[in-house]
Amino acid sequence: MEAETTLAPSPEPAKRTLLFVDDEDPVRESLRVIFKDDYQIIMAGDGVTAIELVQKNKVDVAILDIKMAAMSGLEVLERLKYVDPHIEVIMLTAFETTDLMRQALRLRASDYITKPFDVPTIRAAVANAMQRRALQGEIRSNADKLQQLLQEFQHQKVEEQIARTRGDIYASIIHDINGPLTVISGFTQLLNQRLGNASQLELEDLGFIKDRLKVITRQVTNCVEISRRYLSFLRRQSAETPRVGVNQLLVDLGHLVRVHPSLQNNQFILHPLAEDIAVGMNGTDFIQILLNLVVNAFQCSPQTHTVEIEGCTLSEPIDFVTFKDGPQERLLNVENFEGTPPVLKISVRDNGPGIPPEALPKIFQAYYSTKGTQQGTGLGLNIVLRLIKEARGALHVHTQIGQGTCFTVFLPACPLATV
């Protein structure tokens, strides 16, 4: 025979607490009789006692007489709200006046009842006050839960952003190092060909090898600097910003471009500065800005075209008011560009097909590319803008369909004499 299972009764919900504050015993007792079966009752004959009770107990609703000795009901109301801003307070008064009602409502009383009161009226007032108290508690609870969820979501969002940022950095490292590695690979092949065809090394061969090894060494150094720059970002460390002569950097850039596979049959023209100047940023970053712009220009069309680099030093402040964003031009990061002279202005110009108006606002977005997956990663121009922002520079783009595009970079500079 199976034993009977007896279910334990569910615990009854705790009664809410109702406080009576009146200096007349009969009033307090009559209120107790009315509500003793519905709520937990506590009573006080004066304001000081009422405040102490609220400090020690969670009181949901208080019924408070306005006229009391020592401390008035309005004073008690104000102090009760200070102890517990969420307590609901019903005022009792035998002398209803507009001024008293206005003061009570200003102090956030939820209701007021005139004496003598009838039972249905005061029951309804207490029930409404209890309901408001319960709703307030539920709202606060939901608000706390929502805040917790928002914090968890924000934490998750931050973690995802960190992961995304790291992923972008790793992709950028691969993208940036690809240029120096291309030079190293090309020059290594040249050395192998020269050495493989020679039965013995002549003086001319040694000079050739020595020059190429210098270039290879420089590009290996570029790879190391690129790696250090990104590691510095990952570790949130501030890297040093050495001041580098622009013309030397343009020479280094020329070595990179002339062995880059994107050059193909295109023409590349590089003009040194008429008067050399130092740029206040990492030299590798400067080269990466220009190299990415040059490669982007080479890849803008399969047709043979010309890419040209030209720069100058500006000794007067730049009036950016004349630059207007539109279907043919964009100005970026000008809000973070101080523009105190001297400023290096350097342009990468091509006579390719130009950028369509619908594509121009998107070209600096990460992974946006119009070249197809075989030729472009969509990171080059995004990296350009990021490096310019880090250098507190500005970038202007002007394009015209059928005539080409010009990217102009503005960077803080200083005379070489101060280096």
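The values are calculated or read from the model by the stated rules, or taken from the named source; none is laboratory data. Computed from a predicted structure; not experimentally measured. Because the Cβ atoms are built from the backbone with ideal geometry, glycine has one as well, and the counts that use them run over all protein chains shown.
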Inset, instruction - Report whether or not Asp285 is touching a helix residue (DSSP H, G or I) at 6+ places or on another chain (Cβ under 8 Å), part of a helix (DSSP H, G or I), touching a residue at least 60 places away in the same chain (Cβ under 8 Å) and surrounded by 15 or more Cβ atoms within 10 Å (Cβ to Cβ). - result: yes
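For Ala14, indicate whether it is over 19 Å from Met130 (Cα atoms) and either within 53 Å of the chain's Cα centre (by Cα) or at pLDDT below 80 (or both).
no
Condition test on Ala366, is it small (Gly, Ala, Ser) and surrounded by fewer than 15 Cβ atoms within 10 Å (Cβ to Cβ)?
Spelling it out, it is not the case that Ala366 is small (Gly, Ala, Ser) and surrounded by fewer than 15 Cβ atoms within 10 Å (Cβ to Cβ).
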Inset, instruction - May I ask you to verify whether Pro353 is touching a Gly at 6+ places or on another chain (Cβ under 9 Å), modelled with pLDDT of 85 or more and either among the polar types (S, T, N, Q) or not in a loop (DSSP other than H, G, I, E, B) (or both)? - result: no
Legend entry - Leading residue by the ranking (nearest to the chain's Cα centre (by Cα)) among those in the range 313-350 that are acidic (Asp, Glu), within 23 Å of Tyr368 (Cβ to Cβ) and modelled with pLDDT under 90: Glu335
Legend entry - Within the range 332-356, considering residues that are surrounded by 18 or more Cβ atoms within 10 Å (Cβ to Cβ) and aliphatic (A, V, I, L, M), the one nearest to Ile388 (Cα to Cα): Leu332
Legend entry - Subset of the range 379-410 that is of a type in the set (Gly, Ala, Ser) and under 15 Å from Val294 (Cα atoms) - its residue that is modelled with the lowest pLDDT: Gly380
Inset, instruction - May I ask you to say which residue of Ser301, Ser347 is closer than 25 Å to Lys362 by Cβ, out of contact with any strand residue (DSSP E or B) (no Cβ under 8 Å at 6 or more places or on another chain) and either assigned to a helix (DSSP H, G or I) or among the polar types (S, T, N, Q) (or both)? - result: Ser301
Legend entry - Count of residues meeting criterion [at pLDDT below 80 and surrounded by fewer than 12 Cβ atoms within 10 Å (Cβ to Cβ)] in the range 95-146: 17
Legend entry - Selection within the range 369-378 - at pLDDT below 65, of a type in the set (Gly, Ala, Ser) and surrounded by 16 or more Cβ atoms within 10 Å (Cβ to Cβ): Gly376, Gly378
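Sort out which residues of the range 11-34 are of a type in the set (A, V, I, L, M, F, W, C) and either in a strand (DSSP E or B) or exposed (fewer than 14 other Cβ atoms within 10 Å of the Cβ) (or both), and write them in order of number.
Residues satisfying the conditions are Ala14, Leu18, Leu19, Phe20, Val21, Val33.
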